[in-house]
Amino acid sequence: MGRGGHATNTRNVCAAATGADAASGREVAEGLWALLRGETTRVVVEYPCHAPDQQRWFRMIATRPDATGDVGAVVTHVDITDVVRSERTLRDAERRMAAILDALGEGVCAVDGDGRVALLNPAARRLLGVSEGQGIGVPVDTVIRRFGADGAPVVECDPVANALRDGRSARVFDEYVERASGERFPVEYDVAPLRDATATVAGAVVTFVDAGPRREVEASLAAARRLEALGQLTGGVAHDFNNLLTVVGGNAELLVDTLPEGKPRRSAELIRIAVDRGAAVTQQLLAFGRRQPLDPQSIDLLAASAETLELLQHGVDASVTVELDVHADVWPIRVDPLRLEAALLNLVANSGDALPNGGVVRVAVQNATLDASRPAAAALVAPYGVAEVVAITVTDEGIGIRKADQSRVFEPFFTTKGQAERTGLGLSMVHGFAHQSGGAIDILSEPGVGTTVTIWLPRHVAGASGAGDAAQASPGAADAATLGATVLFVDDDPLVRAYASELLGRIGCVSVEVEGPAAALRLLAERDDVDIVFSDVIMPGPMDGDALAQAVRASWPWIKVVLTSGHGARWSVDDRAGDSWTLLPKPYGQRALADAIAGALPAAPLRGGAHDAR
């Protein structure tokens, strides 16, 4: 570039650039003018020079030669398109990485080769309680302060030091980290080495999370699994125990009916009373195991509140006041009203016991929308993500429950009271009722502060089909002894079969015994004089009593079915046929059996063929 017109023309052309090139043009013009005036010896400008079919960038380097002459400046142009594209790609990657780190819920702490903090993402700052800019450049162990479950600092093992020294990764589950405020939280973290292009360890990265919420959910699920296992166990125990009570109580009843007045008869009466009490205990166990028979109905809690308050007040000491607050817009629910009443009485009585010096028990009933954030309600809302429920909350400011005991309060026979005070079945019954009704229950308590128990019950929408259990068939007016019914009795317990056959004979029926559904179907195929199949529900093998009832109705529709069980509500209703079975819970006596048989017979249509000729 010469000193005269060419230089002037080049500068003027650049200065006159417009549009997207205006800024670059002015920069080139000003640089060249400063170079020609001797104000600088070198000008470097990067500028775009895009062709119609592609984008390109150049670097202009202008220098002023030392020798005198006509050359005022030497200008070279270098194509730097590849360099610009690489730099842009790198910047975009850095921005994406920063956005990812900002969005992560896990805390991320990057450590340099000297063990000093180089980066803390927003989640890490939030978990550690430090503001932006704090903690950078200091040793990592002054930012992430580690403690064991016993509260002592962890000093014998340093995963970050191991990663920097040996390139070893580590995963830690059982430590606590202290926030800047001094609060500690359980933490789970991973440590991994960071390597440079030569595979040399140049730092480490620590990713960590607050393990508290997950551990709470795991503890809740473990408790739910434990309670479910206990429920299955108690249901099975109740079934077997009810079989025994059926035999013992039934024979005691027979003795009472046959023995004259005196000590032997009184002994039989005491046995019968003890059996009734044992049956009440098994009913409580069935309630916990979610196998109690229910009679669900749609309930308007607001309309029933006045009567309910009076009932609840009678369930506590005179020094305790019960306050009932039912919101005016509370939704209806579909539950067994008697079981709900029993659950509320139990909860209020427990709260009253927690107020030895008197006080107030508050019962609040209101609408609620749940999500799965509360572990106790997770199973309730899991299918839909949210659930419209009615929350029934019982609160006291009493002595509270120790945290170590709170995970066990719903277990049967567990109690924090004196052994002479309660059986320890109360809360287990409430737990079973809530879950069997399609709801859930949760308890929050703090020693010396008080306890809050919440039952969530699903909102009932008018017109929705209820999942109620089969209703007990009304006993018929007919006397079974006058009908001469032939009853096929199906039960896997020989003692129960012997007892029931005795009772059936006493009420004028002909009893035919078999030990299982398969034998019952074979016998029905061979003879045509059976009027009623009387079957236990729970029996070993591929077919239970309910399946047997279905098979009997399909092949012998004139034969009626009466079901019995010591396992509670493990029977079904065949809604498709609009029919239900007569149900007789164990233990039962002669009168209950007679009523069930008589109630089934009047509805039985006459059979054709051999039945008419009999």
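What's log10 of I(q)/I(0) for region 518-569 at q = 0.27, 0.32 Å⁻¹, Debye sum over Cα points only, no solvent?
For region 518-569 at q = 0.27, 0.32 Å⁻¹, log10 I(q)/I(0) is -1.14, -1.44.
Taking the number of other C-beta atoms within 10 Å as the exposure measure, put HIS431, HIS77 in order starting with the fewest.
Sorted ascending by nearby Cβ count, the order is HIS77, HIS431.
If you plug each phi of region 93-107 into the Karplus form 6.51 cos²θ - 1.76 cosθ + 1.60 with θ = phi - 60°, what whole-Hz ³J(HN,Hα) values come out, in order, with x for Gly and Pro?
Residue by residue, region 93-107 yields 5, 5, 5, 5, 4, 5, 5, 5, 4, 5, 7, 4, x, 7, x Hz.
Which of PHE489, PHE185 comes first, and how do the rest follow, when ranked by fewest Cβ neighbours within 10 Å?
PHE185, PHE489
Can you divide the C-alpha Rg of region 104-210 by 2.2 N^0.38 Å and report the result to two decimal places?
Computed over Cα atoms of region 104-210, the ratio equals 1.00.
Got a sec? How would SER535, SER267 order by Cβ neighbour count within 10 Å, fewest to most?
SER267, SER535
Which order do the peptides 83-94, 143-154, 536-547 come out in when sorted by mean C-beta neighbours inside 10 angstrom, highest first?
Ranked from most to least packed, the peptides come out as 536-547, 143-154, 83-94.
Classify region 132-177 as rounded, prolate or oblate from the Cα gyration tensor: take a ≥ b ≥ c as the square roots of its eigenvalues, call it rounded if a/c is under 1.5, otherwise prolate when a/b beats b/c and oblate if not.
Here region 132-177 falls in the oblate category.
Among 549-560, 168-179, how do they line up by average Cβ neighbours within 10 Å per residue, starting with the highest?
Packing proxy ranking, top to bottom: 549-560, 168-179.
Please list, in order along region 119-135, the HN-Hα scalar couplings obtained from phi with the Karplus expression 6.51 cos²θ - 1.76 cosθ + 1.60 (θ = phi - 60°), rounded to whole Hz, x for Gly and Pro.
7, 10, 6, x, 5, 5, 4, 5, 5, 8, x, 10, 8, 4, x, 6, x
Read the figures in this text as sums done on the coordinates, not as results from a lab. Because the structure is a prediction, the values reported are computed rather than measured. Positions of Cβ are generated from backbone atoms using ideal geometry, with glycine treated the same way; all protein chains shown enter the neighbour counts.
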